[in-house]
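Below is one structure, written out as structure tokens; the observations come after it.
The values are calculated or read from the model by the stated rules, or taken from the named source; none is laboratory data. Here the structure is a predicted model, which is why all the values come from computation and not from measurement. Reconstructed Cβ throughout: ideal geometry from the backbone, glycine too, with neighbour counts over all protein chains shown.
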Amino acid sequence: MFLAKRLVLAHFWVAFIAFFAAIVLGEWQMFVRSPLSPWVNNPEHYYRSVTAHGTVMAYVLPTLVAMGFGYAITELALGRPLIGLRWAWAGFWLVIAGTLMAAVTTASGKSSVLYTFYPPMIGSTFYYLGIVLVVVGSWIWVALMSLNLRAWKKAHPGASMPLAMFGNVAGAYLWAWTSVGAAAEILLLILPASTGFADTINVGLARVLFSWTLHAIVYFWLMPAYIAFYTLFPRAIGSRLYSDTMGRVAFALFLVFSMPIGIHHLFADPQVGAGFKFVHAAMTAMVSVPTLLTVFTIVASAEIAGRLRGGKGPIGWVKALPWSNPWMLAVTLAFIMLGFGGAGGIINMSYQLNESIHNTQWVTGHFHLIFAGAIVIMYFMVAYELWPQLCACQPLSPRLINAQVWSWFIGMMILTMPWHLVGLLGAPRRMAYYDYTHPLLAPQAITVIISTIGGLILVISAALFIYILATPQRQDTQAPVFTFSQAVHPHARVPAALNGFALWVGMMIALTVVNYGYPILQLAITPEASVPIVPIGAR
């Protein structure tokens, strides 16, 4: 029985309403920077919009989706009511309070720090306290996931943990550890500066602490998407999961490899030595391993569906796949965007090649393809899949879902491909306006117009998504029992290392300490790394 429906719905609705508002802000940013609009009268308004857009997309949307999906998985996969329902609601309201606090200070122009917490820019204390509340609310979710898993294992000694719950708890543990970096930066460095207790801030240490969170958070974002790949997609297309073990290995490797990689964002910063930059570049390459395992496993699962539908020969199974099925379409398009975005990531992680595209529009195109493209499209599918359970409604219209998924993919590709092009030409990101009457910039004007059109398509697609969720057709009968995908060869018992997290969490913490310990200690005892703060409004 699914008892936490209201809790899950609350998380999803707040996440998706905030998401739609952020999409509108993003399109406004594209429009006011384009030749289609006069220069924005006050560039501060642009930076407020960027801060709000980024804060929602980086922190609010994925956190609420992961929490809501996690609560649903806990009940549906473990087959028991959620333990700690009141605490779950408390965590939700903390996230809401933090979101509102950060939103108000941003809208008032007191926190236009572009959501990356890079000193010496310092925003309002209330903005940072809002982010802290969001994180604390999410930590309650982490604790509840661990508590519910422990209770289930106690009631089922020796049983194999469901794959969906394995991925869910792996994502929770990853978030708990990766959020420590930004939390330490805010509590130890930024809040003393923003409250006036310090007039300088250790910029080098702050940037390294934020890099602890900056890239690993991407893998927290993608955990719900990868859970959907492994546990929902095969069943939805009439197939079986090629390998349950491969899924567990992929989730475990994300825990190990996703943490010690953030310093590749600081290649252009002098405060970290070349040795640690090289180590983080190498570890960044390693994090592609679980993604490649996932692509192989999910494609193999799709091949099983094609063969079961009568597909013959090397490619006949591809033609036999259920292409009218929204899941088949969404996962295919997600993999295409993941491929393009991942290829761009190879450039970002290379110490030499990164010099060509550092802090350019290339970077913006890369992370939009990965997150806003491949990951968000799977957030859509998770919501579509759970909605009949949550709302006691009929399955949502496949025709409308396909239209929404196609429009999202088309809009994202039109938006991001010009960014990659102008990034190679050196166009900087995070600029309020460009002078396209200048001879050197005039040829780039068309690329910004194209991206603006892509953004408009995304706004329409997001509106269609909200419409589909808001207008389900009710049904009198009870929703069918929710099931997750079954493996081709179900394990009676999985290996102990893949049925728990002690080994993987230990490796995650150890690698983090090895790869961050010395730079943090060195910068903490370097007084020259401290500079005067720059409060918002004094720039």
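Summary of computed values
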{"quantity": "Selection within the range 103-131 - assigned to a helix (DSSP H, G or I), hydrophobic (A, V, I, L, M, F, W, C) and within 23 Å of His215 (Cα to Cα)", "calculated": "Leu129, Ile131"}
{"quantity": "The range 456-500, subset surrounded by 17 or more Cβ atoms within 10 Å (Cβ to Cβ) and of a type in the set (Ser, Thr, Tyr), residue nearest to Leu78 (Cα to Cα)", "calculated": "Ser485"}
{"quantity": "Inter-residue pairs, beta-carbon under 7 Å, first surrounded by fewer than 20 Cβ atoms within 10 Å (Cβ to Cβ) and in a helix (DSSP H, G or I) and in the range 379-407, second among the aliphatic types (A, V, I, L, M) and modelled with pLDDT under 90, 6+ apart", "calculated": "Pro388/Ala479; Gln389/Ala479"}
{"quantity": "Residue identified as among the small types (Gly, Ala, Ser), surrounded by 19 or more Cβ atoms within 10 Å (Cβ to Cβ) and assigned to a helix (DSSP H, G or I) among Ala172, Ala151", "calculated": "Ala172"}
{"quantity": "All positions within the range 410-424 that are under 18 Å from Tyr467 (Cβ atoms) and touching a residue at least 60 places away in the same chain (Cβ under 8 Å)", "calculated": "none"}
{"quantity": "Among (1) within 30 Å of Met328 (Cα to Cα); (2) at pLDDT below 90, the one test that Val203 misses", "calculated": "(1)"}
{"quantity": "Some residue of the range 142-160 being under 25 Å from Thr105 (Cα atoms), at pLDDT below 95 and of a type in the set (Gly, Ala, Ser)", "calculated": "no"}
{"quantity": "Restricting the range 248-306 to residues that are small (Gly, Ala, Ser) and at pLDDT 90 or above, the residue that is nearest to Ile227 (Cα to Cα)", "calculated": "Ala250"}
{"quantity": "Selected residue (criterion: nearest to Asn515 (Cα to Cα)) from residues of the range 214-236 that are surrounded by 24 or more Cβ atoms within 10 Å (Cβ to Cβ) and among the β-branched types (Val, Ile, Thr)", "calculated": "Ile227"}
{"quantity": "Long-range neighbours under 6 Å by Cβ, at least six apart or interchain, first residue free of Cβ contacts under 8 Å to residues at least 40 places away in the same chain within the range 81-108, second hydroxyl-bearing (Ser, Thr, Tyr)", "calculated": "Thr105/Ser111; Thr105/Ser124; Thr105/Tyr127"}
{"quantity": "Members of the range 501-517 found to be surrounded by 18 or more Cβ atoms within 10 Å (Cβ to Cβ) and in a helix (DSSP H, G or I), listed by number", "calculated": "Trp504, Val505, Met508, Leu511, Thr512, Asn515, Tyr516"}
{"quantity": "Criterion: among the polar types (S, T, N, Q) and either outside any helix (DSSP H, G or I) or closer than 17 Å to Gln29 by Cβ (or both) - qualifying residue of Ser451, Ser461", "calculated": "Ser451"}
{"quantity": "Test set (1) surrounded by fewer than 17 Cβ atoms within 10 Å (Cβ to Cβ); (2) in contact (Cβ under 8 Å) with a residue 24 or more places away in the chain; (3) over 30 Å from Gln404 (Cβ atoms); (4) not aromatic (Phe, Trp, Tyr) - Asp435 fails condition number", "calculated": "(2)"}
